[in-house]
Amino acid sequence: MDVYAEAIAALNATLARAEDSGRRNTNAMTLATVNRAGRPSTRTVLLKGLDDEGLTFFTDRRSGKGQDLEAVPYASVCFYWEPIEVQARVDGRMVVLAREHAERDFSSRPRAGQVMIRASAQSQPLASKAALASAVASIEQDYPHEVPVPAFWVGYCLVPDFIELWFGSRDRMHERVAYAKSPEGWHKTLLQP
Ligand SMILES: Cc1cc2nc3c(=O)[nH]c(=O)nc-3n(C[C@H](O)[C@H](O)[C@H](O)COP(=O)(O)O)c2cc1C
C-alpha cells in the first residue's frame, strides 16, 4: 500500500472506531476556511464521503463558507473523537464536485430537509422566524410532490495534501502520525507531541 492509501485507510479505520464508540455524529468535522482578506472562520459540517479522492460534504454555495471557498479554494478540517481520544486533521485544496453528487445527496434527504434547504438562503440575515416559516410554507405549496435540487446545493471535496492523526495516551506520550505530500510524493513521519 502506498503512503497516501495508508493515510486514507488509517483515517477510515479511525472513523469506524469512533462510530463504534456509540457517540452520535462522529462524522461531524470542524471546517476552517479563509476569506479574501486572509481571515479564518470555522463551522461544523458532516462528512458524507471519504475515499482516495478526498473528503466530501454538502452545503449552500452562497453561504459564508461557499463565498470563502470561491475566493480561496483551500481549507482545513479537524475531528476530535473524545471516547477514543483521537484527533484527525486534514488540509488541502477544495474542489467542487460534479452536479450529480449534489443531486444524489439532495434526493437522499428527507422531504423536510429538502424543503428547508430550498427555503433558506444559508448565512443571509433572517427578518424573523415567521419569515422562515412562511418561506417553508410557500416551498411546500410550490412543490407538493418532488422538491427539485436547487442550483446552489453543492458538494465539495477536500483533496488532502496533509493528514495527521493524534492518538492520546494516558502517559502523555501522545502519538502524532503525519502524512504529507511533497513534490516527491507522500511521506509519513512522526511528530513531537
Ligand atoms: C452537527 C452539525 C452538522 C452540520 N452539518 C452541516 C453540513 O453538512 N452542511 C452545512 O452546510 N451546514 C452544516 N451545519 C451548519 C454549519 O455549522 C453552519 O452553521 C452553516 O453551514 C453556515 O456556515 P457559514 O455561514 O460559515 O457558511 C452543521 C451544524 C452542526 C452543528
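The values are calculated or read from the model by the stated rules, or taken from the named source; none is laboratory data. None of these values were measured; they are calculated from a predicted model. Using ideal geometry, Cβ is built from the backbone for each residue, glycine included, and neighbour counts are taken over all protein chains shown. Just so you know, the surface numbers come from the protein's heavy atoms only, side chains and all, with ligands and any DNA or RNA stripped out. Shrake-Rupley method; radii C 1.70, N 1.55, O 1.52, S 1.80 Å.
Quick notes
- Pair list, Cβ < 6 Å and 6+ apart or interchain, from region 159-179 residues that are without any contact (Cβ under 8 Å) to a residue 40 or more places away in the chain and surrounded by fewer than 16 Cβ atoms within 10 Å (Cβ to Cβ) to residues that are part of a strand (DSSP E or B) and not polar (S, T, N, Q): GLU175/PHE167; ARG176/TRP166; ARG176/LEU191
- Flag for VAL90 being open to solvent by less than 40 Å² (accessible area, probe 1.4 Å) and either within 24 Å of PRO148 (Cβ to Cβ) or of a type in the set (Phe, Trp, Tyr) (or both): no
- Single condition VAL147 does not satisfy, out of (1) closer than 27 Å to VAL77 by Cα; (2) under 25 Å from the mean Cα position of the chain (by Cα): (1)
- Of residues in region 2-38 being open to solvent by 90 Å² or more (accessible area, probe 1.4 Å) and within 20 Å of GLY92 (Cβ to Cβ), the one farthest from the ligand (Cβ to nearest atom): ASP2
- Checking each residue in region 41-94 for being within 11 Å of the ligand (Cβ to nearest atom) and without any contact (Cβ under 8 Å) to a residue 60 or more places away in the chain picks out SER41, THR42, ARG43, THR44, VAL45, LEU46, LEU47, GLY64, LYS65, GLN67, ASP68.
- Within region 151-193, if we keep just the residues that are among the aromatic types (Phe, Trp, Tyr) and assigned to a strand (DSSP E or B), the residue that is nearest to LEU69 (Cα to Cα) turns out to be TYR156.
- Residues in region 51-81 that are in contact with a Ser or Thr (Cβ under 9 Å, 6 or more places away or on another chain) and hydroxyl-bearing (Ser, Thr, Tyr): SER63, TYR74, SER76, TYR80.
- Taken over region 98-127, residues that are open to solvent by less than 40 Å² (accessible area, probe 1.4 Å) and of a type outside the set (Ser, Thr, Tyr) amount to 8.
- The single condition among (1) charged (D, E, K, R); (2) over 28 Å from ARG43 (Cα atoms); (3) assigned to a strand (DSSP E or B) that GLU146 does not satisfy is (3).
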